[in-house]
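I have placed the structure first, in the form of structure tokens, so that the comments after it can refer back to it.
The values are calculated or read from the model by the stated rules, or taken from the named source; none is laboratory data. All of these numbers come straight from a predicted model, not from anything done at the bench. Neighbour counts run over all protein chains shown; Cβ positions are idealised from the backbone, glycine included.
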Amino acid sequence: MRLPEEFTEKMQRLLKEEYDKYIACYDEPRYYGLRVNTGKISPEEFESICPFEITPIPWIKNGYYYDGDRISPSKHPYYFAGLYYLQEPSAMTPADRLFIEPGDKVLDLCAAPGGKATELGARLLGQGVIAANDISNSRAKGLLKNMEVFGIGNLLVLNEEPGKLLDYFPEYFDKILIDAPCSGEGMFRKDKKMVKAWEEHGPEYFSAIQKDLILKAAAMLKPGGRMLYSTCTFDARENEQVIEHLLKSCPQFHVEEIEGYEGFSPGMPEALDGNREELKKTVRIFPHRMKGEGHFLALLRKGEDAWAEISEEKEQKSRKYKELPEELQIFLGDVRRDFDKSLLKVYGGRVYYMPDRLPYMKGIRFLRTGLLLGELKKNRFEPGQAFAMSLKKEEYAHVLNFPEADSRITKYLKGETLDVSDMVPGKDKGWQLVCVDGYPLGWGKLSGGTLKNKYLPGWRLV
């Protein structure tokens, strides 16, 4: 593989006697990983049903290696059920090392395609809110799909400039993740196209963007809150120097220790003029030391200064609500989940279950606030795909549960009508939650032993 001379010279200075081992790793195969969705299934339960060979990733409790040259987990029904996300092993580390607790208000500032946001959202266990933002509208649409496949309902998917977000979320979030856009040096082995991109826009270009991002994120973090900054590059201008920029600009921040692993390398404060010792608490991941690609992580905490609460006028707190439409009430009668009626909102015929205590957001671009339950159409309610993915099998009264080996699962995922006369009495009709081995996939409409397919067209297996 041809690497730019400027890059190899820099890596020689950085790694010294380890440089030859680093270069040798380019002749080794890349590693493929999947991360289990602990909001739906425990790692132990997944291991017991996983239909292909997996090996634990030692520093990620719910992460596993698989042989991507032999198998395609993205084609399996469990993938469509949201039981796992396919992610490069080192890239699992940032979300894993940010301390998420149920009830937190969490921001993933550069979230698409959703590898880290889905993990942050799963750890909230349906409490609090996960705000996932991406400046690209097309990427934000893919992000929304991945969040909904994972069954995350307490979400806010945004499509905004970080500076615009600051106007709405000053010192609002308990936790923030910045997986910053970068020159991608750590991904050269995985994706050779990154080399050409590096030659067009190198570390100097991205460093200015990253310094701007981290200061804007810092202003959205509550005092006492934690922020994790990460990149997939090796250059100190994008890593230690960005953290140094934050510490100088916002002295209320300090660097915290990250839960360790034997393959982690400490940050390199010697890359700075001031040689700030605190930066040794940051983490570098090198592909010749671990079974993963290159990464950098820094965990930061904001001091416990007094801070300004969001004003009552700007916060959507009203507990008043109109009586729910009768057709919606009838459908919810079959749902075995408690809803706070004050958080059920109808906009343009669509019914949403909103996260609690969101700020006033008029004028901001977003793709979704809360869980889309479905639509009211001509005196009937049609449940939505996101609602199905958020449910557990036992939370809906009418379920068609297929074993993974049943050929009808593939037909369902392709959008075909199913004959289910062997599973239900011929006189049964109405909405059915379609599951694979007990895990929801979507909806179907039953009539006379035939299931009309309601699986979302844009999600279908091709």
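Filtered by the rule that a residue be outside any strand (DSSP E or B) and surrounded by 15 or more Cβ atoms within 10 Å (Cβ to Cβ), the range 439-449 gives a lone residue, Gly449.
Identify, please: which residue in the range 22-46 is free of Cβ contacts under 8 Å to residues at least 12 places away in the same chain and closer than 30 Å to Ala388 by Cβ and is, among those, surrounded by the fewest Cβ atoms within 10 Å (Cβ to Cβ)? The qualifying residue surrounded by the fewest Cβ atoms within 10 Å (Cβ to Cβ) is Glu44.
From the list Lys175, Lys116, Lys141, the lone residue that is at pLDDT 95 or above, within 24 Å of Lys40 (Cβ to Cβ) and in contact with a helix residue (DSSP H, G or I) (Cβ under 7 Å, 6 or more places away or on another chain) is Lys116. The single condition among (1) part of a loop (DSSP other than H, G, I, E, B); (2) at pLDDT 90 or above; (3) surrounded by fewer than 17 Cβ atoms within 10 Å (Cβ to Cβ) that Lys248 does not satisfy is (1).
Under the condition of being among the β-branched types (Val, Ile, Thr), under 22 Å from Met227 (Cβ atoms) and in a loop (DSSP other than H, G, I, E, B), the residues counted in the range 63-108 number 1. Among the residues making up the range 413-443, a single one is among the hydroxyl-bearing types (Ser, Thr, Tyr) and touching a Pro at 6+ places or on another chain (Cβ under 9 Å): Tyr439.
Within this structure, Tyr205 fails the test of being under 22 Å from Ser136 (Cα atoms), hydroxyl-bearing (Ser, Thr, Tyr) and crowded, with 23+ Cβ neighbours inside 10 Å.
Can you spot a residue in the range 266-283 that is in contact with a Lys or Arg (Cβ under 6 Å, 6 or more places away or on another chain), surrounded by fewer than 16 Cβ atoms within 10 Å (Cβ to Cβ) and without any contact (Cβ under 8 Å) to a residue 60 or more places away in the chain? Yes, there is a match, as at least one residue in the range 266-283 is in contact with a Lys or Arg (Cβ under 6 Å, 6 or more places away or on another chain), surrounded by fewer than 16 Cβ atoms within 10 Å (Cβ to Cβ) and without any contact (Cβ under 8 Å) to a residue 60 or more places away in the chain. Residues in the range 150-191 that are aliphatic (A, V, I, L, M) and in a loop (DSSP other than H, G, I, E, B): Ile152, Ala180. Annotation for the range 99-111: at least one member residue is modelled with pLDDT under 95 and on the phi < 0 side of the Ramachandran plot.
Kindly check whether there is at least one residue in the range 55-63 that is under 30 Å from Lys411 (Cβ atoms) and at pLDDT 95 or above. No, there is no match, as no residue in the range 55-63 is under 30 Å from Lys411 (Cβ atoms) and at pLDDT 95 or above. When the range 1-42 is filtered for residues that are hydroxyl-bearing (Ser, Thr, Tyr) and in contact with a His (Cβ under 6 Å, 6 or more places away or on another chain), only Tyr22 remains.
Table: residues versus (1) farther than 27 Å from Lys392 by Cα; (2) touching a Pro at 6+ places or on another chain (Cβ under 8 Å).
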| site | (1), (2) |
| --- | --- |
| Gly33 | no, yes |
| Ile71 | yes, no |
| Pro77 | no, no |
| Cys110 | yes, yes |
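Pick from Met194, Met227, Met147: which is under 19 Å from Pro94 (Cβ atoms), assigned to a strand (DSSP E or B) and not charged (D, E, K, R)? The unique qualifying residue is Met227.
In the range 390-414, the residue that is nearest to the chain's Cα centre (by Cα) out of those that are among the basic types (Lys, Arg) and part of a loop (DSSP other than H, G, I, E, B) is Lys392.
Residues are listed down the side, and each one gets a yes or a no for (1) surrounded by 14 or more Cβ atoms within 10 Å (Cβ to Cβ); (2) farther than 30 Å from Leu165 by Cα:
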site	(1), (2)
Tyr353	yes, no
Asp356	yes, no
Arg368	yes, no
Leu373	yes, no
Leu376	yes, yes
Ser390	yes, no
Leu413	yes, yes
Val424	yes, yes
Lys427	no, yes
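Residue check: Gly115 meets all listed conditions (1) surrounded by 24 or more Cβ atoms within 10 Å (Cβ to Cβ); (2) within 13 Å of the chain's Cα centre (by Cα) but one, namely (1).
Right, Tyr84: buried (at least 20 other Cβ atoms within 10 Å of the Cβ) and more than 24 Å from Ala132 (Cβ to Cβ) or not? No.
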